[in-house]
Amino acid sequence: MSAAIWGWLVLLFPLLGSIVIGLTFRSVSDRTAGRIGVAAILLSFLAGIGALVALQGEPSDARYATSSLWDYASVGDLEVDLGIYVDPLAVFMVLVVTGVSTLIHIYSFSYMQSDQGYHRFFSYLNFFVFSMLLLVLAGNFVLLIVGWAFVGFASYALISFWFRRSTATRAGMKAFVINVVGDIGLVLAAILIFRELGVLDYRAVFEKAPEVFSTNEWTIVAICLLLLVGAFAKSAQMPFHTWLADAMEGPTPVSSLIHAATMVTAGVYLVARSWTLFELAPSAADVAAIVGLVTLLVAGTIALVVTDLKRIIAYSTMSQIGYMFVAVGIGAYSAGMFHLMTHAFFKALLFMAAGSVIAAMANIQNIDRMKGFEKALPFTATMLVIGSLALAGFPGTSGWFSKDEIIDFALYRGDWYFWVAVGCYIGAFMTALYSFRIIFRILPGKPCPEAEHLIETGHVVHAEPENPVTGQPEDYEVGYPGEEHHIAEQARGMRFGMAMLGVLALIGGFVQIPGVTEVIAHFLEPTFEGSPLAAMHPSVGKAWLGLVIGGLIAIVGIAVAWVLWVGRPSIPEAARRRFRPLYVLFLNKWYGDEIIDFLIVRPVLALGRFADRIIEPYVAGGLVSGTTYLVRSAGVAVRDLQTGMLRSYAAVMVAGVVGIGLYFLIRSI
C-alpha cells in the first residue's frame, strides 16, 4: 500500500477506538474497553511502520505522499482539501507519538483499573492521540488548526478528568484558555499566509514563499511570530507556560502522555515543519531560540525548589522543550527532533515511575514525605534512576547524545549563539541537579511509614481520600481516583510499559552517534533538503568534545546533588536562609501567575465589571430604551392622524404637495 493509505489508517484506528469505547460504555466491561483502547493505538503504530516502509521504498526526492478525501472548503479563491501530507518528518512524529502512547495505554490499563471513569478515560485518551496525529499529518494550515484545536479540547478533558475536583477543573480551563490564545495566533498566521500567497497547502506555501518574501521582510516576520504564539502556548514556553504545572491535576498517565511525546512537542513540530518560513525570517527564528533558552533556565530554577513530585517532572518538561526550541530556532532541526524522541522515552518513564511512587504513598505527592523507596519499590526505583540518568545527560544514555548535539550545533554557528550554548550548559547542570534531587530525596534512607508498611506487609497503604493539593476530602464514587492504588511491582501492565521505556531511555541515543550512526539525520534529510542550516554539521572531533563536556557536567551535577541531599543535607536549608529572596522567587514560579493576573486577568475582569455596571444598563439599555420610545412616539403621532375624516386627509395631501412645490421652487432660484 502507498504511504498515504497508511497515513489514513494511522488516523482511523484511534478515532474508531475513541468512538467505540464511548458508545459501548454500558455494554462492555472495563477490561474490554481498555483492550480496545490499547489495540487501537497499537494498530496505529503498526500503520505508522507501514508508512515508514512505503516511504523508504521511494527515491530520496520523492519521499512524500499527499492524499485528499474531499474539499474541506471552497470559497472564492480559497481551496482547502481534507488532505494529509506524509513525509519523513510526519512519519517520525507518528512513530514517536503512537509508540510511546501505546506503552502509556498499556500502563494505564493497570493503573486506572479501579477508577469509576475507566471507559471515559480510554475514550478521551484515544481521542487525544487521534487529535495529535491529525495535527501531525495535516496537509495544510487549515487542517493543522483543526488538529491543534482538537488537541486543546482533548487536553482540557483529560486534565479535568477528575471533574469533581475544583483544582482539576480550574487547571483544565486554564490550559484550554491559554491554548486558545495560541490558536488565535495560528489562525492569524494562516490568514496572512493566504493573503500573501493565495494558498494554504504546505508544499504550495513552502514553494511560493521564497519567491514572494525577501529575508526578514516584515510580513514574513509577522507570520512566523504569530506561528510562534501558537507554538509557545501549546508547548508551555514563556510567557504561556503557567498552565503546564497545573495540568498535573490529571491522572498520572495523562501527565505522561501530554508532557512526553504529544501535546507539548506540537510547537517544536510546527517550527520544524515551517522551516522554510523561519529561514526567511531569521529574526523570528532567533526569538524562538532565545525564548527556549530563557524557558529552560527559568524552569530549571523552579524545579530545584518545588516539592511536588509530578510538578518537578513537569518543570523539567518545560525545560527540555526549551532545548528543542533552541534547536529548531538555530537551525539544528534533526537534533531538535532527535531530542524530542529521546525526551519522549525518559520523560514518559519518569512520570510512570512517579505514578507508582505516588500510588504507594496513597496519592501523597510531596517529596518531603517520601523516603526509603529503593527497598519498598526496587523495580520502580531502578526505572526512576534510569529516567533521571537520561534526563541528566549521563554518558551513554539517550539524553546525553541528543542534548549535546543541540549544544554542539550552537557552538558551531558561533557569534552570539556561543552564549546560547553556555546557557544550555548551565541548564544541563541544573537538570542533573534537580533530577537527582528526586532520586536522593525519595530512594535512600530510612523508609517513611508508607514505604515501611509496603516492605512489611507487601500491601500498599490506603488512606482516606483527599485532594493532594488542597487536602480536601474526596469521594471515590463521584469522579475521583479509584480507591485502589496500583504500583508497578504488582501490576504487569505498568511494569511492561516502564521496562520498555527504560530500555529505550538507555539505548535510544545509539541511533545518532557522531561519526558512527546518523539514522535520524539521514531519515529526515528529505524534509529539510534545501536548508543551508540543516546542511551544517560540526566535525566529529568537536561533536565528541561536546559529548565529553556534557558528560562531565552531568557527573558533576549528580555529585553535587549527592552532597546536597545525602552527604551534607544541612546545606540546602542554609542556602534557603542565606538566599531567601531567590528561594521565594523560585518557589513562587517567578510570579508568572501573579504577573499574568495583574497584567491581563484583572484588567479584563475590571473591563467586564465596567461594562456590566455602565455600558449594559446606560449605553446598551439606554439605546434600546430610546429606540423603543422613538418608535412608540412615532406610532402615536401617526395614529392621531388617522381620524377617518376625508377633509383631514385632503388637507395633509395639499400641504404635502405645497411643501414639495416650495422645495423645488427654492432650489431653482
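Tell me which of these ASP246 doesn't satisfy, since it passes every other one: (1) of a type in the set (Asp, Glu); (2) free of Cβ contacts under 8 Å to residues at least 40 places away in the same chain; (3) within 14 Å of ALA314 (Cβ to Cβ).
Status for ASP246: all satisfied but (2).
The conditions are (1) of a type outside the set (Asp, Glu); (2) under 13 Å from the mean Cα position of the chain (by Cα); (3) under 22 Å from GLN320 (Cα atoms), and VAL180 fails exactly one of them. Which is it?
Single failed check for VAL180: (3).
Please go through the stretch 188-239 and give me each residue that is under 23 Å from the mean Cα position of the chain (by Cα), of a type in the set (Val, Ile, Thr) and buried (at least 21 other Cβ atoms within 10 Å of the Cβ), ordered by number.
Hit for the stretch 188-239 is ILE223, nothing else.
What number of residues within the stretch 232-269 satisfy the criterion of being among the aromatic types (Phe, Trp, Tyr) and under 16 Å from LEU296 (Cβ atoms)? Reasoning before the result, please.
Applying the first criterion (among the aromatic types (Phe, Trp, Tyr)) to the stretch 232-269 yields 232, 240, 243, 269.
Then keep just the ones that are under 16 Å from LEU296 (Cβ atoms); that gives 232, 240.
So the answer is 2.
Which of the residues spanning the stretch 205-221 are closer than 19 Å to ALA272 by Cβ and of a type in the set (A, V, I, L, M)?
VAL205, ALA209, ILE220, VAL221
Could you list all residues from the stretch 17-27 that are surrounded by fewer than 16 Cβ atoms within 10 Å (Cβ to Cβ) and either acidic (Asp, Glu) or under 25 Å from the mean Cα position of the chain (by Cα) (or both)?
ILE19
State all residues of the stretch 526-572 that are assigned to a helix (DSSP H, G or I), of a type outside the set (Gly, Ala, Ser) and in contact (Cβ under 8 Å) with a residue 60 or more places away in the chain; if no residue qualifies, say none.
Listed by number, the residues that qualify are LYS542, LEU547, ILE549, ILE553, ILE555, VAL556, ILE558, VAL560, TRP562, LEU564, TRP565, VAL566.
I'd like the residue in the stretch 369-396 that is under 29 Å from CYS424 (Cα atoms) and out of contact with any helix residue (DSSP H, G or I) (no Cβ under 7 Å at 6 or more places or on another chain) and, out of all such residues, is surrounded by the most Cβ atoms within 10 Å (Cβ to Cβ).
Top of the filtered list is LEU389.
Could you name every one of the helices (runs of 4 or more DSSP H) located completely within the stretch 333-400 that has at least 2 residues being in contact with an Asp or Glu (Cβ under 7 Å, 6 or more places away or on another chain) and not β-branched (Val, Ile, Thr)?
Passing ranges, in order: 333-360, 378-392.
Looking only at the stretch 512-525, filter to residues that are free of Cβ contacts under 8 Å to residues at least 24 places away in the same chain and assigned to a loop (DSSP other than H, G, I, E, B); which one of those is nearest to LEU277 (Cα to Cα)?
GLU518
Can you name the residue in the stretch 234-247 that is touching a His at 6+ places or on another chain (Cβ under 9 Å) and assigned to a helix (DSSP H, G or I) and, of all such residues, is nearest to ALA190 (Cα to Cα)?
LEU244
Would you say ALA154 is over 17 Å from LEU277 (Cβ atoms) and in contact (Cβ under 8 Å) with a residue 24 or more places away in the chain?
Yes: the conditions hold for ALA154.
Given the criterion in contact with a strand residue (DSSP E or B) (Cβ under 8 Å, 6 or more places away or on another chain), without any contact (Cβ under 8 Å) to a residue 60 or more places away in the chain and buried (at least 17 other Cβ atoms within 10 Å of the Cβ), identify the matching residue among GLY147, GLY185.
Only one candidate qualifies: GLY147.
Go over the candidates THR262, THR242, THR252 one by one and state the one that is under 30 Å from ILE104 (Cβ atoms), more than 15 Å from the chain's Cα centre (by Cα) and modelled with pLDDT under 90. Spell out the reasoning first.
Details: THR262 fails: more than 15 Å from the chain's Cα centre (by Cα); THR242 fails: more than 15 Å from the chain's Cα centre (by Cα).
Criteria check complete, one pass: THR252.
Just for the stretch 28-67: of the residues that are modelled with pLDDT of 85 or more and among the polar types (S, T, N, Q), which one is surrounded by the most Cβ atoms within 10 Å (Cβ to Cβ)?
SER44
Can you tell me which residue among MET173, MET93, MET112 is surrounded by fewer than 22 Cβ atoms within 10 Å (Cβ to Cβ) and touching a residue at least 12 places away in the same chain (Cβ under 8 Å)?
When all the criteria are applied, what remains is MET173.
Pick from the stretch 522-570 the residues that are small (Gly, Ala, Ser) and touching a Gly at 6+ places or on another chain (Cβ under 8 Å): which of them is nearest to SER435 (Cα to Cα)?
Only one residue tops the list, namely ALA554.
Take the stretch 453-478 and flag every residue that is outside any loop (DSSP other than H, G, I, E, B), surrounded by 12 or more Cβ atoms within 10 Å (Cβ to Cβ) and either modelled with pLDDT under 85 or in contact with a Gly (Cβ under 7 Å, 6 or more places away or on another chain) (or both).
Listed by number, the residues that qualify are GLU466, TYR476.
The values are calculated or read from the model by the stated rules, or taken from the named source; none is laboratory data. On a predicted model such as this, the values are computed, not experimentally measured, just so you know. All Cβ positions, glycine included, derive from the backbone under ideal geometry; neighbour counts span all protein chains shown.
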